[in-house]
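Report on the structure given below.
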Amino acid sequence: MDNEYLKKPMPSEEKQNDFYQKLRTKVQKWVDSKPGVVGTVSGYVLFAPDLFHLLTRMMLDSRIDAKSKAAVGAGIMYFIAPIDFLPEILIGPGGFLDDVVVAVFVINTVLNKFPKEVITEHWAGDEDLLELLKKVSNSGNKYVSKLPAGRLVKRFTK
């Protein structure tokens with residue numbers, strides 16, 4: 001990625017919201033088409049758009065320090081990387097499962113440094129953010145440290 005790409009302005013809020021809504025719709029259709037097959041994993045996959053949206057909002061929050069934003073950026077990059085542990089290009093929206101685990105790990109890390117309101121005010125999901133983080137953390141923190149993005153995030157948060 002060259003420096004010119006990084007200098008481009010952020011998409012407008014309208015375009016960001018359009019992307020967010022399209023992603024939510026795509027994931028919901030995928031989950032609806034896999035009843036019983038996906039099981040409890042589908043519940044976590046449904047939060048991928050919400051968590052991605054939260055991470056992007058956290059990047060724009062001036063109250064969050066640069067070191068924490070580096071971790072948030074690592075989480076965003078993991079979402080958009082074409083190759084990760086469960087690539088979406090090969091398995092569809094089910095591939096967001098590892099992205100969800102990484103996002104939760106990053107968000108938990110940032111929550112440990114800032115008042116929860118700094119994070120929760122950016123949450124657009126339907127479920128309570130803190131309850132979601134607890135559920136995913138209980139099933140995913142062991143898993144995230146094995147992922148490349150998890151190791152990268154840990155490096156930034158030490």
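The values are calculated or read from the model by the stated rules, or taken from the named source; none is laboratory data. Here the structure is a predicted model, which is why all the values come from computation and not from measurement. Using ideal geometry, Cβ is built from the backbone for each residue, glycine included, and neighbour counts are taken over all protein chains shown. Please note that ligands, DNA and RNA were not included when accessible areas were found on the heavy atoms of the full protein model with its side chains. Shrake-Rupley method; radii C 1.70, N 1.55, O 1.52, S 1.80 Å.
For ASP65, are the conditions met, namely being within 27 Å of GLU13 (Cβ to Cβ) and modelled with pLDDT of 85 or more? Write out each step before concluding.
Working: within 27 Å of GLU13 (Cβ to Cβ): yes; modelled with pLDDT of 85 or more: yes.
Yes: the conditions hold for ASP65.
Restricting to helices (runs of 4 or more DSSP H) lying wholly in the range 108-158: which have 2 or more residues that are more than 15 Å from the chain's Cα centre (by Cα), modelled with pLDDT of 85 or more and surrounded by fewer than 18 Cβ atoms within 10 Å (Cβ to Cβ)?
Working: elements: 116-120, 129-144, 148-157.
Passing ranges, in order: 116-120.
This table checks each residue for (1) open to solvent by 10 Å² or more (accessible area, probe 1.4 Å); (2) at pLDDT below 90; (3) part of a helix (DSSP H, G or I); (4) closer than 22 Å to ASP32 by Cβ.
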{"site": "LYS69", "(1), (2), (3), (4)": "yes, no, yes, no"}
{"site": "VAL72", "(1), (2), (3), (4)": "no, no, yes, no"}
{"site": "GLY92", "(1), (2), (3), (4)": "yes, yes, yes, yes"}
{"site": "VAL101", "(1), (2), (3), (4)": "yes, yes, yes, no"}
